[in-house]
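A.B. asks: Take this structure first; my questions come after.
The values are calculated or read from the model by the stated rules, or taken from the named source; none is laboratory data. Because the structure is a prediction, the values reported are computed rather than measured. Because the Cβ atoms are built from the backbone with ideal geometry, glycine has one as well, and the counts that use them run over all protein chains shown. When the accessible area is computed, the model is the full protein with side chains, heavy atoms only, and any ligands, DNA or RNA have been set aside. Shrake-Rupley method; radii C 1.70, N 1.55, O 1.52, S 1.80 Å.
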Amino acid sequence: MAVSRRLLPLVWAATASLVASCAVGSGDDGVVTLDFWCWGEPTAAKVEAFNESHSHIQVRHTDAGGGTDSSVKLLTASRAGNAPDVACVEYPTVPAMIVSDVLADISDYTEEVTGDFAPEVWQMTRFEGQVFGIPQDIGPMVLLYNKARFDELGVEVPGTWEEFAEVAQDIRDADPDSYLTTFAPSEFGNFAGLAQQAGAQWWSVENRQWTVGLDDEPTMRVAEYWQDLIDRDLVNAEPLLTPEWNNRVNRGQILSWPVGLWGPGVLYNIAQNQAGDWAIAPLPHWEGDGPEAALQGGTALAVTKNSDHPEEAAEFAMWMNTDPDATRIQIAGGQYPASLAGQEATTRSDPPPLTSEQEDYWEVASFAAEHTLPDITWGPNVSTATNVYQDAMSAAIRDHTPLTDAMRRTHRTVVDEMERVGFNVTG
C-alpha cells in the first residue's frame, strides 16, 4: 500500500475536547520518561514488565479509550502539540494519521526487527519505505461458535457461506428462540472483513490516484447475502455487546460470531459461565473459493511527531511487540501476536478460557493467520466511512430498506469528502 506523507492533510471535525498535556522528558537522573496511550487487557502488565527491565526508560500508561475514541483524542492532542510519545493505532486508522501528520517515521531505529513480522503485516504500517508503527496484534477472522449448543442441536459447523445459511435455518427450526448469529449494523470492521473475503477492495492508490469501491460487486454480493438472512429471520439484526445481546448469549440463544481472534476474550468477559463451551473454526468461505479470510482489528504501536525521544519511544514499541516476556503476557491476555515468534509461541500456550476445551485452538488460529488476505488498503478517511456506514446500516435495519442502498450512501459520502479535500479519486 503506497500512501504519501505529502498528500493534502485532511481537515477533520474536532469532536473531542483538548486532553491534558503529556509531560515528557529526561529527569535529572538521565531516565527518559515516555507517555503511552493504549487500551487492551494485557497492556498494563506489559508496561510494568518493561519498566522493571529497563532502567534508562520508564513509561507512563494511560488507557485513552479503545479504537475510535483513542484516535480522535490522539488527533486532537497532536494538533495541540501534546500527543503522547507512543500510542496504539488501529491498522485502518494508520493512513489517516499519516496524512494528518501525527506519526513519526521510525525507520532509522527499526532495522533490527524487520524480519520479525510477515510482509502482509508490515505493509499495514510501512509506506514508501518508511515505518510508522510496530505491529502489535492481528485479528484473522474465524467462526467462533458455541460447540455445546451445536452438539445439543445436532448441527455441523458450516464450511461455506452457503452451508452457513442452511445451518441458520436448521437452528431456527430446532429452537425458535435461538439464532446462528447476529448481523450488527454498527460493526464496520466486521462487514469490511466479510466483503474483503469476497473480493472487495474499498480503497486502492497508485501514483496518488485513489480508487474507491465501497459499493463494488463483491460488497453488494455480501450485503445481499445478509439481507436475505435478515428477511428470512435466520439471523437477528441488533447491536453487539448491549445488555440485551449479552443476555441472549448467556442464555445460549446466539450460537456463533464471525470475528477476529480477539473475539474469545471479549465473549468470555460477558459469558464466563460458558467457559469451555465454545470453539473456533475457519471462517466459512464462498463456494469454489479458498480458505482466505481478512483481518478484523489489530493495532500497531506508533511514535508520534510530538515525542522528544523518538529513539527511546521506538525501543519501547519494539520491546512491547517482540520481547518473549511481552509476548507471553500478550497471549495470556487473549491477543494474537503480530510477530512471527509470538505466533509460534501460541502453539505452546493454553487456549483462551472461553475455548479451553478445544485442543486444536492454536492450530486453527495459525491456519487463519496463514491464510489472511494480502494487500488490503485502507483509505485516508476511514473514520468518515465508519460513521456513515453505522448510520446508514442502522437506518436500513430500522426502516427495512436495502443494505445495498446503505453501502451506496456510504460510498458516495466517502468519495465526496476525499474529492472535497483534494484527493484525486476515481470510482
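A.B. asks: Suppose we filter Ala338, Ala294 for residues that are open to solvent by less than 10 Å² (accessible area, probe 1.4 Å) and at pLDDT 95 or above; which single one remains?
C.D. replies: From the options Ala338, Ala294, the qualifying one is Ala338.
A.B. asks: Quick check on my filter: what residues within segment 171-189 are open to solvent by 10 Å² or more (accessible area, probe 1.4 Å), among the polar types (S, T, N, Q) and touching a strand residue (DSSP E or B) at 6+ places or on another chain (Cβ under 7 Å)?
C.D. replies: Thr182
A.B. asks: Wholly within segment 210-311, which strands (runs of 3 or more DSSP E) include no fewer than the required count, namely at least 3 residues that are of a type in the set (Gly, Ala, Ser)?
C.D. replies: Fully inside segment 210-311 and qualifying: 295-303.
A.B. asks: Tell me which residues, restricted to segment 405-421, are open to solvent by 20 Å² or more (accessible area, probe 1.4 Å) and either hydroxyl-bearing (Ser, Thr, Tyr) or at pLDDT below 95 (or both).
C.D. replies: Result: Thr413, Val421.
A.B. asks: I would also like to ask the following. Which of the residues that make up segment 79-108 are open to solvent by 20 Å² or more (accessible area, probe 1.4 Å) and within 30 Å of Pro374 (Cβ to Cβ)?
C.D. replies: Glu90, Pro92, Thr93, Ser100, Asp101, Asp105, Ser107, Asp108
A.B. asks: When you look at Pro239, is it more than 16 Å from Tyr145 (Cβ to Cβ), touching a Ser or Thr at 6+ places or on another chain (Cβ under 6 Å) and either at pLDDT 95 or above or surrounded by 15 or more Cβ atoms within 10 Å (Cβ to Cβ) (or both), yes or no? Write out each step before concluding.
C.D. replies: On the way: more than 16 Å from Tyr145 (Cβ to Cβ): yes; touching a Ser or Thr at 6+ places or on another chain (Cβ under 6 Å): yes; either at pLDDT 95 or above or surrounded by 15 or more Cβ atoms within 10 Å (Cβ to Cβ) (or both): yes.
The answer is yes for Pro239.
A.B. asks: I would also like to ask the following. What's the number of the condition Trp37 fails, among (1) closer than 18 Å to Pro337 by Cβ; (2) in contact with a strand residue (DSSP E or B) (Cβ under 6 Å, 6 or more places away or on another chain)?
C.D. replies: Trp37 satisfies every listed condition except (1).
A.B. asks: Still on this structure, please answer the following. Given the condition of a type in the set (Gly, Ala, Ser), out of contact with any Asp or Glu (no Cβ under 7 Å at 6 or more places or on another chain), surrounded by fewer than 20 Cβ atoms within 10 Å (Cβ to Cβ) and on the phi < 0 side of the Ramachandran plot, answer yes or no: does some residue in segment 312-323 qualify?
C.D. replies: Within segment 312-323 (the criterion being of a type in the set (Gly, Ala, Ser), out of contact with any Asp or Glu (no Cβ under 7 Å at 6 or more places or on another chain), surrounded by fewer than 20 Cβ atoms within 10 Å (Cβ to Cβ) and on the phi < 0 side of the Ramachandran plot), the answer is no, since none of the residues qualifies.
A.B. asks: Kindly indicate whether Thr304 is open to solvent by 20 Å² or more (accessible area, probe 1.4 Å) and more than 29 Å from Asp151 (Cβ to Cβ).
C.D. replies: No; evaluated as a whole, the condition is false for this residue.
A.B. asks: Let me ask something else about it. Report, by residue number, each residue of segment 242-263 that is surrounded by fewer than 17 Cβ atoms within 10 Å (Cβ to Cβ) and not hydroxyl-bearing (Ser, Thr, Tyr). It would help to see each step written out before you state the result.
C.D. replies: Within segment 242-263, the subset surrounded by fewer than 17 Cβ atoms within 10 Å (Cβ to Cβ) is 242-244, 246-247, 250-251.
Within segment 242-263, Pro243, Glu244, Asn246, Asn247, Asn250, Arg251 qualify.
A.B. asks: Something else now. Keeping to segment 123-138, report how many residues are surrounded by fewer than 19 Cβ atoms within 10 Å (Cβ to Cβ) and within 14 Å of Thr110 (Cβ to Cβ).
C.D. replies: Within segment 123-138, residues that are surrounded by fewer than 19 Cβ atoms within 10 Å (Cβ to Cβ) and within 14 Å of Thr110 (Cβ to Cβ) number 2.
A.B. asks: Considering each of Ala198, Ala192, Ala223 in turn, give the residue that is small (Gly, Ala, Ser) and open to solvent by 10 Å² or more (accessible area, probe 1.4 Å).
C.D. replies: Values: Ala192 fails: open to solvent by 10 Å² or more (accessible area, probe 1.4 Å); Ala223 fails: open to solvent by 10 Å² or more (accessible area, probe 1.4 Å).
Going through Ala198, Ala192, Ala223 in turn, the sole match is Ala198.
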